[in-house]
Amino acid sequence: MYFVLFSALACLSTCHCWIEEDEKKNENHCGLLKQWLESSLVSVEIIKKGFHREMVTTVELSPDVLSGVRVLLVHRWPRGIYVDPYQLASLSDHSDWQILLDSAIDLEVPAHKTEGFVSYVYPTPDGPTPRLLKVTLPIHGRYHEPSFDGEMFTSVDIEAPELLLRAEKCMQLNNVEPHTIVDAPCTHDNSSTCPWVKLQLQQDRGPVGVQFPVGDGSLVAPVCGGTLLVTMLCCVALSKHMWKHRIS
């Protein structure tokens, strides 16, 4: 009887020690995750010109970042910008990043007839996370409504992506102020959502302005009138030619 009681108490004591050890490891990994966020930086650069450009995002993580840390870049795109899903699919097959879009992308509609969208970029889906990450995404400008005030260009502001980190060994996230905890897809296939810690945005980091050419609205009437006149003249000339040569 005493042997059974002693064995039960020993088992409970061992389980309690395991639980305390797991909680301590969880607190250590969560604390390290907060330190990595505080020493991580995100920078953005737009290269190329015209309607087809590239957005280069550089993420510099803490020097002591360990394996098991996942990085997620959340881009919130304005209505004047779009990405080509087919182009991204071909690029992701030959790169070390994967992407998930929150909605379907219509490549043809102009800017004033569409809405913004969100993309989730996973720079390192497999393997250890390096200290320096660089992701280059091809972006495209949508056609805008013509300008009636003489402006030849319109500006589109692109916000820098949000940096989210998740440690696989940090099971319970709490007390990560000034950072916040958000839910986002765990992987690019959107099978489930996981809690991520979002880096607090720096106040001095504003959006990147990109300019795209727009049409001259004052030329709408002359262009339409000229197009209609040329079309009518071509129809008359073609009708005379067909009548002359008895073409039916």
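Out of all the residues in the stretch 79-115, which are of a type outside the set (Lys, Arg), closer than 15 Å to GLU159 by Cα and over 11 Å from the mean Cα position of the chain (by Cα)?
Residues satisfying the conditions are GLY80, ILE81.
Evaluate the stretch 208-217: report whether one residue or more is of a type in the set (Phe, Trp, Tyr) and surrounded by 11 or more Cβ atoms within 10 Å (Cβ to Cβ).
Yes, because at least one residue in the stretch 208-217 is of a type in the set (Phe, Trp, Tyr) and surrounded by 11 or more Cβ atoms within 10 Å (Cβ to Cβ).
Name the residue, out of ASP106, ASP126, that is at pLDDT 80 or above, part of a loop (DSSP other than H, G, I, E, B) and either within 23 Å of ARG166 (Cβ to Cβ) or among the acidic types (Asp, Glu) (or both).
The match here is ASP106.
Name the residues in the stretch 94-145 that are more than 21 Å from ILE81 (Cα to Cα), among the aliphatic types (A, V, I, L, M) and open to solvent by less than 50 Å² (accessible area, probe 1.4 Å), would you?
Residue satisfying the conditions is LEU133 alone.
So which residues in the stretch 36-59 are modelled with pLDDT under 85, open to solvent by 40 Å² or more (accessible area, probe 1.4 Å) and not in a loop (DSSP other than H, G, I, E, B), if there are any at all?
GLU38, LEU41
Identify all residues within the stretch 73-93 that are small (Gly, Ala, Ser) and surrounded by fewer than 17 Cβ atoms within 10 Å (Cβ to Cβ); write none if there are none.
Hits for the stretch 73-93 are ALA89, SER90, SER92.
Return the residues of the stretch 193-218 that are modelled with pLDDT of 70 or more and in a loop (DSSP other than H, G, I, E, B); say none if nothing qualifies.
Within the stretch 193-218, LEU199, GLN200, GLY206, PRO207, VAL214, GLY215 qualify.
The values are calculated or read from the model by the stated rules, or taken from the named source; none is laboratory data. Nothing here was measured: the structure is a model prediction, and the numbers come from that model. Glycine also receives a Cβ, built like all others from the backbone with ideal geometry; neighbour counts cover every protein chain displayed. Heavy atoms of the whole protein, side chains included, go into the accessibility calculation; ligands, DNA and RNA do not. Shrake-Rupley method; radii C 1.70, N 1.55, O 1.52, S 1.80 Å.
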